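**Student:** Would you mind keeping the following structure in view while I ask a few things?
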Amino acid sequence: MKKLILSSSLLFFVLFTQAQKIIPCVTDELYLESVAQHPELKLEEERVNAIARLPIMQKAVTVRYIPVVFHVIHKYGVENISQTQINDAIRILNEDYRRLAGTNGASSTDPLATDMQIEFRLAQFDPNGLPTNGVNRIYNINTDNARDQQKALSYWDAKKYFNVWVVNSIQNTTGGGGTILGYAQFPFQLNSQPSTDGVMALFSQIGIIETAEIAQAGRTLTHEAGHWVGLYHPFQNACSGATSSNCASQGDQVCDTPPVLDANYGCVNSRNSCTNDVPDLPDLVKDYMDYADGNCMNLFTAGQKARIDPIMTSTRATIFSTANLSAAGLNADGTYKTLTPSTTKAPYQYNFDAGTLAGSGWTLENYTSPGDSGWHIINTLGANGTGCMNAMNLKNNRTNVRNAFCSPSIDITTLNNPTLTFSIAYAKRTNASADKLKVYISDNYGRSEILAKTFSASNMQTGAVSTSSFIPSSSEWQTLTLDLSPYKTYTNCKIRFELQSLLGNNIYFDAFSISNPVGIDEALKQALNFNVYPNPSKDFTTFSFENTKASTIEFSLIDLQGKIVEAVAAQNFESGKHEVKMDLKGLATGVYMLEVKTENGVFAHKIMVE
Ligand SMILES: [Zn+2]
């Protein structure tokens, strides 16, 4: 009996330690598998390594900017990381690769520590030239035990973008247990294996915030990108390449990194695993290309940079070419190109009455809740019209539930005092319900966002506290308002509503509108003595107004999707009374907004077309 207890606790110990074991990188193992399938890889590796040794190539370059795309393969779990977490990962990459002053990337005082002159940028345009936030989210249960096969779920041309796949777990075929953090393909694999080129990493290795693991400091990506630009591990071929005559052609083929017998794990302060080097130097344990914990690594060396400069120029030149950067939405200096203003103009309103979001420019971003417990459109009720957005939030009986939906990009520079209004119906499940509706605003398709406002459960509440499914009556709606004037220069204003569920009841959203506040429109109209007749109109409508002094006025007729359907170009009107006729022939019956742009401000006037 005693023996049995001992063996079962031993078994538990073994299982426990296996579950905790970390395998920082399987790039070498998978490269060997690739060589078995593509024997020509060895020749290509030799060819590229020979280029890296050419003295003429060993010269400084200007900073290389790399467009990046993240493919988040998820099953609505913690692996479906936020844009903010991805942006955090890009920040860390750039701090480490540029050795940016004042950041952890510049923490090494070792004289070898070097600026790699590489910077990463989330792509602004996708391969079709369409605007993007640089992130693709793909639902697939094979985010567990992922490998190269999963890369086909989402991939952009590796000659134009650095592909990073984010997954829940990576298949372990090393024979032992352990959690694999990531792996990369080398530049000399690009020609044979273009469709798997890039890096695959665990969600917990992306950035250091939210669902990221702090111990690795986000540097799994720094390490894997190191392979992607052409670096080996310092323990490549153990203690070989130990003298000045062979350090450039053996081991990691970098002369200022001392040879290392095998990987340094955890947080080693000092070790001298190879004593055959001349002079005999200790391991460079803080090299990003070794296996130390992220918090305990902090440098690339001048020799590593000298190796990758010619490799990048010879194998990855297309990705940082001016033409390619431009296609990805970047200028040659790494800044983002200015986006053309959206053709959807404010004033804009949307009532979710079409039964579908298709063609509306609105998108669902349900991160954790598929189906009706996340956001979806319904056609059974609304604050305005027959439909609205809804999340059957009563089913979200857990924490860390995040689901969002997103407006189209809207040019709000057309308004003097842009103001967002929308209708909400919501009930708490108990007094402790703490759901939040967060309103994020972006001017670049969501790549970077500002949290403009958080509405609490109490802010939103319109129905009585109830544990049964909340369905609002017509009186259980309220209008919420947000001043958008801090963002009035936004030509591509995209608004994302993220519900962070915490044990509340159902929520309904309708009557999204961006316009000037009614009072401002009325004051401007009165100052001009502005009138429209007939209204409702058919074929033609006439605007009458009176100028107290000569001034320029422009008229745009905008449909409910925010598209300009008719316009009278800006022109100067003398002081006195005027009439302007607008042709309405061919327009669909319905409600339109006439936007009148004057020197004193912009106002809107509703026009019915019959
Ligand atoms: Zn590695």
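Since every read-out is calculated from the coordinates, none of them should be taken as a lab result. Just so it is clear, the structure is predicted and the values come from calculations on it, not from any experiment. Neighbour counts run over all protein chains shown; Cβ positions are idealised from the backbone, glycine included.
**Student:** What is the packing order of peptides 461-468, 339-346, 148-155, taking the mean over residues of other C-beta atoms within 10 Å and listing the highest first?
**Tutor:** Output ranking for 461-468, 339-346, 148-155: 339-346, 148-155, 461-468.
**Student:** Under the rule that a partner needs its Cβ under 4.7 Å from the first Cβ, which Cys of the chain have none?
**Tutor:** Taking the Cβ cut-off of 4.7 Å, the unpaired cysteines of the chain are CYS25, CYS388, CYS406, CYS493.
**Student:** Shifting gears a bit: In nm, to one decimal, how far is the ALA434 label point from the ASN272 one, both placed 7 Å along Cα→Cβ?
**Tutor:** 5.5 nm
**Student:** What ranking of CYS247, CYS267, CYS388, CYS239 emerges when the number of other C-beta atoms within 10 Å of each C-beta is taken as an exposure proxy, fewest first?
**Tutor:** Taking fewest neighbouring Cβ atoms as first place, the list is CYS267, CYS239, CYS247, CYS388.
**Student:** Additional query: Which order do ILE410, ILE377 fall in if you start with the one that has the fewest other Cβ atoms within 10 Å?
**Tutor:** Values: ILE410 27, ILE377 20.
Going from sparsest to densest Cβ surroundings: ILE377, ILE410.
**Student:** Here's something else I'd like to know. Calculate the translational D of the stretch 348-515 in whole µm² s⁻¹ from Stokes-Einstein, where the hydrodynamic radius comes from the Kirkwood formula applied to all Cα pairs, the temperature is 37 °C and the viscosity 0.692 mPa s. Let's see the in-between values first.
**Tutor:** Working: Rh = 15.9 Å.
It diffuses with D of about 207 µm²/s by this estimate.
**Student:** Moving on. For a quick size check, give me the Cα extents of the chain along its three principal axes, largest first, whole Å.
**Tutor:** Answer, in whole Å and largest first: 95, 73, 43 Å.
**Student:** Provide the per-residue ³J(HN,Hα) series for the stretch 558-567, in order, calculated from phi with Karplus coefficients 6.51, -1.76, 1.60 and θ = phi - 60°, each as a whole number of Hz, with x at glycine and proline positions.
**Tutor:** Karplus-based 3J(HN,Hα) across the stretch 558-567 equals 10, 7, 6, 8, x, 8, 6, 10, 7, 8 Hz.
**Student:** Could you run the Karplus curve 6.51 cos²θ - 1.76 cosθ + 1.60 with θ = phi - 60° over the stretch 586-601 and give me ³J(HN,Hα) per residue in whole Hz, x for Gly and Pro?
**Tutor:** x, 7, 5, 4, x, 9, 10, 10, 8, 9, 10, 9, 10, 6, 9, x
**Student:** Place the peptides 511-520, 157-166 in order of packing, highest mean first, counting for every residue the other Cβ atoms within 10 Å and averaging per peptide.
**Tutor:** Packing order, densest peptide first, comes out as 157-166, 511-520.
**Student:** Could you list ARG53, ARG64, ARG219, ARG137 in order of exposure, starting from the residue whose Cβ has the fewest other Cβ atoms within 10 Å?
**Tutor:** ARG53, ARG137, ARG64, ARG219
**Student:** Per-residue HN-Hα couplings for the stretch 151-160, Karplus 6.51 cos²θ - 1.76 cosθ + 1.60 at θ = phi - 60°, whole Hz, x for Gly and Pro?
**Tutor:** 5, 5, 5, 7, 7, 10, 3, 5, 7, 10
**Student:** Would you be so kind as to identify all helices of the chain, as entire DSSP H runs, whose Cα atoms reach 24 Å or more along the helix's own axis and whose mean Kyte-Doolittle hydropathy is at least 1.0?
**Tutor:** 2-20
**Student:** Given a cut-off of under 8 Å on Cα pairs at least six residues apart, what relative contact order in percent is computed for the stretch 518-609?
**Tutor:** Relative contact order for the stretch 518-609 comes out at 32 percent.
**Student:** Here's a follow-up. Computed FRET efficiency, Cβ-Cβ of ASN572 and ASN331, R0 25 Å: what is it to the nearest 0.05?
**Tutor:** After rounding, the FRET efficiency stands at 0.10.
**Student:** Here is the link list: LYS151/LYS286; LYS525/LYS577; LYS151/LYS438; LYS345/LYS438; LYS75/LYS159; LYS494/LYS563. Which ones come out longer than 21 Å on Cα distance? If you can, show how the numbers build up before the last one.
**Tutor:** Numbers: LYS151/LYS286 31 Å; LYS525/LYS577 14 Å; LYS151/LYS438 32 Å; LYS345/LYS438 23 Å; LYS75/LYS159 29 Å; LYS494/LYS563 16 Å.
Distance filter (> 21 Å) returns LYS151/LYS286; LYS151/LYS438; LYS345/LYS438; LYS75/LYS159.
**Student:** Also: How much of the DSSP beta bridge set in the chain is antiparallel, as a percent to the nearest 5?
**Tutor:** Rounded to the nearest five, the antiparallel share is 75 percent.
**Student:** Something else: What fraction of the Cα pairs in the stretch 336-389, stated in percent, has a spacing above 19 angstrom?
**Tutor:** 44 percent
**Student:** Moving on. Say each of GLU546 and SER195 gets a label point 7 Å from the Cα, pointing the same way as Cα to Cβ; how far apart are those two points in nm?
**Tutor:** According to this spin-label approximation, the distance is 7.3 nm.
**Student:** Given 0.36 nm per residue, what is the gain on full extension from THR479 to THR84 after removing their alpha carbon distance, in nm? Intermediate values should be presented prior to the final figure.
**Tutor:** On the way: separation 395, 0.36 × 395 = 142.20 nm, distance 2.88 nm.
Gain on extension, THR479 to THR84, equals 139.3 nm.
**Student:** In straight Cα distance, which aspartates and glutamates are under 17 Å from LYS488, not counting same-chain residues fewer than 8 positions off?
**Tutor:** Result set, ordered by chain and number: ASP411, ASP443, GLU449, ASP521, GLU595, GLU599.
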